[in-house]
Number of protein chains: 2
Amino acid sequence: MDSKEINFIISAFTEYNPFMKTEDFMEWFAGRKEAHKFKIELIPFNEMREWSFEHSTGNLVHSSGKFFSIEGIWVETNAGPVSTWSQPIINQPEIGILGFLTKRIDGILYFLMQAKMEPGNINTVQLAPTLQATRSNYSCVHKGKKPHYIEYFLEKSGSKILVDTLQSEQGARFLKKRNRNIIIETSKNIEVLEDYCWLTLGQLHKLCQHDNLINMDARTVLACIPFMTYRISGIRADNLFETIDKRKMVNVDILDSDTFKSQVLSSALDTERHLKTSDEIISWFTELKIRYELEVERIPLKYVKNWQCSDNEIFHDEGKYFSVIAVSVEADNREISSWTQPLVKSQDTGIVAFIMKTINGVLHFLIQAKVEPGNFDVIEMAPTVQCITGSYKQDKPLDRPPFLDFILNLPPDQMRLSTLQSEEGGRFFRENNQNMLIEVGDDFQVDVPDNYIWMTMNQIKRFIKYNNFVNVEARCLMSSLGFI
Amino acid sequence: MDSKEINFIISAFTEYNPFMKTEDFMEWFAGRKEAHKFKIELIPFNEMREWSFEHSTGNLVHSSGKFFSIEGIWVETNAGPVSTWSQPIINQPEIGILGFLTKRIDGILYFLMQAKMEPGNINTVQLAPTLQATRSNYSCVHKGKKPHYIEYFLEKSGSKILVDTLQSEQGARFLKKRNRNIIIETSKNIEVLEDYCWLTLGQLHKLCQHDNLINMDARTVLACIPFMTYRISGIRADNLFETIDKRKMVNVDILDSDTFKSQVLSSALDTERHLKTSDEIISWFTELKIRYELEVERIPLKYVKNWQCSDNEIFHDEGKYFSVIAVSVEADNREISSWTQPLVKSQDTGIVAFIMKTINGVLHFLIQAKVEPGNFDVIEMAPTVQCITGSYKQDKPLDRPPFLDFILNLPPDQMRLSTLQSEEGGRFFRENNQNMLIEVGDDFQVDVPDNYIWMTMNQIKRFIKYNNFVNVEARCLMSSLGFI
């Protein structure tokens, strides 16, 4: 077995942490929030500094031409009930870094976490990866300080790269945006700065089950952790635990007492009992990429139809979907101490949910192939249900997304986890989604609509590894599962 | 072992074919060419029917708006010695089908091959897949006949899908073009029409070693055949041959007598002895995708700089790179009997070459991460050397592509295969590339420039499976290797 994978698994089973006990964490975290002064205020667009509406296009841009801009797109597609529309979208062509610095101490892999303020965050401060920076950010376009620990990610000699892939962000809000999701193991001595702390993967998984605590940037990277390789794949869950137990490093009792968790781990490791082979899944995906037509053209923001711009807000005529607002921010612990910026504000809460079912003795996840206009390649693999609730309230039942009514009327005993999670607070203003993991019984249909397919966790993980297959909502939802 | 993989392998080791003996093939093939009347003539642009230069853009377009068009792109990049240029490019947004219909007869898998005329073909007729059709083609935009056998690819019930992925075409000539590469196994009775014949994979591999015989569309699909799965991966070459031998279906003597072929097969099956893990390769690829900037904008053809348009040709001021010409075609066995169309004509022959070296006891291929303006995502994995020879003749040695001089001055005993192969004759006029497979010895450097990496065949195959990693030149070159 690759030592990388065993180190991830051991860390996932470890909740004891001499540097930061789980029971002390909340106090430390509250302390970090209180230690700093943050002030976030909604402001009219004309009070923004460095940001303005470009005359010829109406696009909302930064004076440097960097960071991001709010532009328009025109969309035509044969997927879904609406065939053509235009909308504002965030254009951020540069690839940012979402990175964890990790270190093995006494045989246990620890992740360096950051208590980070973002202007759009619910609760202002959330727990972030070690580094979260756009290129404009770490090349100091804002003329402020460099982000902490950036040097480990730019100059990687003496470090081991554990995860390093390009992953997409929200295709409904971003135009083909991608981030480098990276985990580095260092052997150097690391100074732990005041807003940072070491946590095990086991602790992180526990904290993922709290509402709005672990930010989206951390969750997407956690979802890229490969718990299985080809070589580990033959090992059944039980043998794995024996291996771990022999090393006397972690206590695996939690597993015996928790059937659902053992099912999840088994789904992550199993390479035999899937309903569809990976070739069949790729063929299904190929067929849908050809069936769905998606034409997206960048247009000036001022030509976007059915949207208006007031002094304070860019919004849809009927108040649907989202709006663009402006904030002013003061913070004493960021690269610069005050700035203004636009944020995207969703009009309603969203739902992201996986339906899970045991098929051939192993837990399968119901994946949806979803067309979103900002997607890099027409469709990505999304959760079973992913929608804004408000947009569908008025719709007739047949126009609603499949499985939405089922989820809204769910028997409570099928809900395995339900939390509220935010989107990225650097771009989204207090966006709040209900994350749900639902385990259905034998009576639930195996046959599903054409654009849905059952996959094991092992299969989903492999598609994450090869980039641009699994969308950010599905990845973040998976990180609540624990052990994966 | 998956029955799909064993069936491919058995077919690859089978050269005996009662329907078409290898020694009879050439006569049959020459007969197909003689049986039809083909007439291809260069014509001035203004003699084209249905094709014209669009007034507002200067683009060369079909009156239906379908098929393809010749447009312009403006390119800016930090890769290579030239940082910005504009050029004509083929825009063909629709996804075509390149498909093989196969059938198992007496336990052997046969591929239904087509002797097909394309106007740009060297030798006029080459051996093509069963089906080779754009959507405009099979939806009869030309108001002609439907392509033969299309029904098996549109309605796949009763068939087994063996391969089904989206693969890219030439990024230097096409703007993000992709085709569906598909292999179907049917259990139905198939009528073999007059220009078609059944061949085994073993016969096809033999024929790939002839100059300009197997067309590019067939070679790219052959390269997608997965000869290994996770389950087959533990089996070493020797055990595999025992398995096959026991079935008494094929003669594996050819292998014992041929060391190079056995090395190739071992490289295709081995999952242990690679120099880099797949995670390391993905990290290398991620790093390069971030390092290389590539901005491509579609522009009207009339704004392309340093290119001119005469009555007969669109060409570069210095006669470099390629030109666009027009042809009139008459053929008695195509969907329509006469038409006119533009073709792209390369100014010089090209070189595509893999350098191969035994590392850790297994054959590795030297892969290049290559930026091309029409690429779907900045870089793809390309052969060690891929260039037009003419463009580099005047360049100083340091400006020439790495390893080009090495290949041009190669000791003859290191050349494992050297053939001439065409590009797609429906778009390219007699384009001819020298395909080379070169095996270097222990004295050849293991350390290579940043944008090169050593990979086993098994690893290359896995990247082909997940789409948009391996470019068409690398895929086609691999199909000359045999057994893969």
Tabulated pairs, segment A:280-292, first touching a residue at least 40 places away in the same chain (Cβ under 8 Å), second β-branched (V, I, T) and surrounded by fewer than 20 Cβ atoms within 10 Å (Cβ to Cβ), C-beta under 8 angstrom, 6+ apart or interchain: A:K289/B:I95; A:Y292/A:T77
Do we find that A:I336 is farther than 30 Å from B:I183 by Cβ, modelled with pLDDT under 90, open to solvent by less than 20 Å² (accessible area, probe 1.4 Å) and more than 14 Å from chain B (Cβ to nearest Cβ) in this structure? no
Mind listing whichever residues of segment A:272-306 are open to solvent by 40 Å² or more (accessible area, probe 1.4 Å), more than 30 Å from B:R462 (Cα to Cα), of a type outside the set (D, E, K, R) and away from every other protein chain (no Cβ under 14 Å)? A:Y303, A:N306
Which residues, taken from segment A:1-21, are of a type outside the set (A, V, I, L, M, F, W, C) and more than 13 Å from A:Q203 (Cβ to Cβ)? A:D2, A:S3, A:K4, A:E5, A:N7
So which strands (runs of 3 or more DSSP E) are wholly in segment B:300-367 and hold at least 2 residues that are farther than 30 Å from B:K261 by Cα? B:307-309, B:314-316, B:322-331, B:338-346
Filter segment A:261-299 for residues that are part of a helix (DSSP H, G or I) and polar (S, T, N, Q); the one that is farthest from A:M356 (Cα to Cα) is A:T286
Filter pass, B:D311 being modelled with pLDDT under 95, open to solvent by 40 Å² or more (accessible area, probe 1.4 Å) and away from chain A (no Cβ under 14 Å): no
Being touching a residue at least 60 places away in the same chain (Cβ under 8 Å), within 27 Å of the chain's Cα centre (by Cα) and under 20 Å from B:A128 (Cβ atoms), is that true of even one residue in segment B:50-62? no
Subset of segment B:51-75 (residues that are at positive phi and modelled with pLDDT of 95 or more): B:G58
A careful count of residues in segment A:19-29 that are exposed (fewer than 15 other Cβ atoms within 10 Å of the Cβ) and in contact with a strand residue (DSSP E or B) (Cβ under 9 Å, 6 or more places away or on another chain) gives 2
Criterion first (open to solvent by 70 Å² or more (accessible area, probe 1.4 Å), in contact with a strand residue (DSSP E or B) (Cβ under 9 Å, 6 or more places away or on another chain) and in contact (Cβ under 8 Å) with a residue 40 or more places away in the chain) does A:K37 satisfy it? yes
For segment A:321-331, state whether one or more residues are at pLDDT below 85, more than 14 Å from every other protein chain (Cβ to nearest Cβ) and within 29 Å of A:Q368 (Cβ to Cβ). no
Kindly state which strands (runs of 3 or more DSSP E) lie completely within segment A:387-480 and contain at least 1 residues that are within 26 Å of A:S266 (Cα to Cα) and within 14 Å of chain B (Cβ to nearest Cβ). A:452-456
Note on segment B:40-55: residues open to solvent by less than 80 Å² (accessible area, probe 1.4 Å) and polar (S, T, N, Q) are B:S52
Take B:L269 and decide whether it is modelled with pLDDT under 95 and surrounded by 16 or more Cβ atoms within 10 Å (Cβ to Cβ). yes
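The values are calculated or read from the model by the stated rules, or taken from the named source; none is laboratory data. Only a predicted model underlies this, so the values are computations on that prediction, with no experimental measurement involved. All Cβ positions, glycine included, derive from the backbone under ideal geometry; neighbour counts span all protein chains shown. Accessible surface areas use protein heavy atoms only, side chains included; no ligands, DNA or RNA. Shrake-Rupley method; radii C 1.70, N 1.55, O 1.52, S 1.80 Å.
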